[in-house]
Amino acid sequence: MKLGSLKEGGRDGTLVVVDDVLAKAVRAAGIAPTLRQALEDWEGCEPKLRQVHAELVAGTRADAFDFDAATMASPLPRAFQWLDGSAYVNHVELVRKARGVDLPPSFWSDPLMYQGGSDAFLGPRDAIVAGSEDWGIDFESEIAVVVDDVPCGVSVETAGGHIKLIMLVNDVSLRGLIPAELAKGFGFVHGKPPTAFSPVAVTPDALGDAWDGGRLHLPLLSYLNGERVGWTDAGVDMTFDFPTLIAHAAKTRPLAAGTVIGSGTVSNSDQEHGYSCVAEIRMIETIRDGKPTTPFLSFGDTVRVEMLDGNGENIFGAIDQEVKQS
């Protein structure tokens, strides 16, 4: 089942059910006005939403309309919490290697995670807005999961059962602002502007064998100005799977239904499948040549992030954004 939110009806959008090939959609009238409310009563709403999905796929819904990603907000236009991990430790290792700093052994056993802004997510066609190109504008292609209510202290073994939806992410970073923030020893604020998500969120069962309960085993495609720069396999080199990230996040606090947890930049150690952010390209150049040559994003640049199934069908729809000056 695929779900999304139209840009209508208020800050949380209007919940719609979308067919399997992203051709038709129908409003979830009478079930839940928004995805946030559906997640808060998932046990009651999910069977009804699945019935609508079955009718939509069967072509029996007279109220179906053409799906258009340009009309979509993020599946969750806002959420109570957005936590982004760094599950692909290869990415972190490259960052530190480019700086000439060793990777602490604990990074392989204790996940990194930060809490980002969740009050205003970007839709899949919304612009990436920045005040200056000197801020080091970058994209980060990722996977994210949405959970129902997760109790404090949940185990890794049971955390996966709380995953209800899966999405794609462009976790925008302002690389030029991050070092000064981290030097304060207190985390990101300015370096992490609003995050963008795919047009639809997908239930795990709809991914078939590509979803193993903790990892999504498909290439994540990243394009910069129409050129494919990354086709990294999201199921490879993911040191910490999503149940591990959820358990880590819930170690000392419960997670409310609708909490979004990201994987961090998808990164493959073989470097044969490209890269999911400009920073990683620059790290490789620094390690190889002593300095980076690839620039960060400029105003007018475009970024596209998507994932195809084994039949070449677009699973989540594409995040397709232009960089603009504020």
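The values are calculated or read from the model by the stated rules, or taken from the named source; none is laboratory data. Everything numeric in this text was worked out from a predicted model, so none of it was measured. Cβ coordinates were reconstructed from backbone atoms using ideal geometry, including for glycine residues, and neighbour counts include every protein chain displayed. The accessibility values were calculated without ligands, DNA or RNA, using every heavy atom of the protein model including side chains. Shrake-Rupley method; radii C 1.70, N 1.55, O 1.52, S 1.80 Å.
Taking the Cα atoms only, what angle lies between the long axis of helix 89-98 and the longest principal axis of the chain, rounded to 10 degrees? With rounding to tens, the tilt is 30 degrees.
Of ILE143, ILE281, the residue with the largest accessible area leads and the full order is ILE281, ILE143 (1.4 Å probe).
Taking a straight Cα-Cα cut-off under 21 Å and skipping sequence neighbours fewer than 8 places away in the same chain, the lysines within cross-link reach of LYS164 are LYS2, LYS48, LYS251.
The C-alpha atoms of the chain define a longest principal axis, and helix 42-58 lies at about 80 degrees to it. Other residues lying with their Cβ under 14 Å from the Cβ of ILE137 contribute a combined charge of -3, Lys and Arg counting +1, Asp and Glu -1.
Looking at the chain, the accessible area is 42 square angstrom per residue; that uses a 1.4 Å probe and ignores ligands, DNA and RNA.
Accessible surface of HIS162, taken over heavy atoms with a 1.4 Å probe and every protein chain present, rounds to 40 Å². Net length available on complete extension from SER326 to ALA256 is 21.9 nm, with 0.36 nm assigned per residue and the Cα-Cα distance removed. Only protein heavy atoms count here; on that basis, with a 1.4 Å probe, ARG50 has an accessible area of about 80 Å².
The Rg/Rh ratio of the chain, with both radii computed over alpha carbons and Rh defined as the Kirkwood radius, is 0.96. Ordered from highest to lowest accessible area with the whole protein assembly present and a 1.4 Å probe, SER109, SER267 read as SER109, SER267.
Peptides 191-201, 34-44 ranked from most to least packed, by the mean per-residue count of other Cβ atoms within 10 Å: 191-201, 34-44.
Helix 278-289 and the longest principal axis of the C-alpha atoms of the chain enclose an angle of approximately 30°. Ordering 257-264, 293-300 by mean Cβ neighbour count within 10 Å, with the highest value first, yields 257-264, 293-300. For the chain, which whole percent of the accessible surface, found with a 1.4 angstrom probe, sits on carbon and sulfur atoms? Ligands and nucleic acids excluded, carbon and sulfur reach 50 percent. Sorting ASP301, ASP209 by solvent-accessible area of protein heavy atoms yields ASP209, ASP301, largest first, with a 1.4 Å probe.
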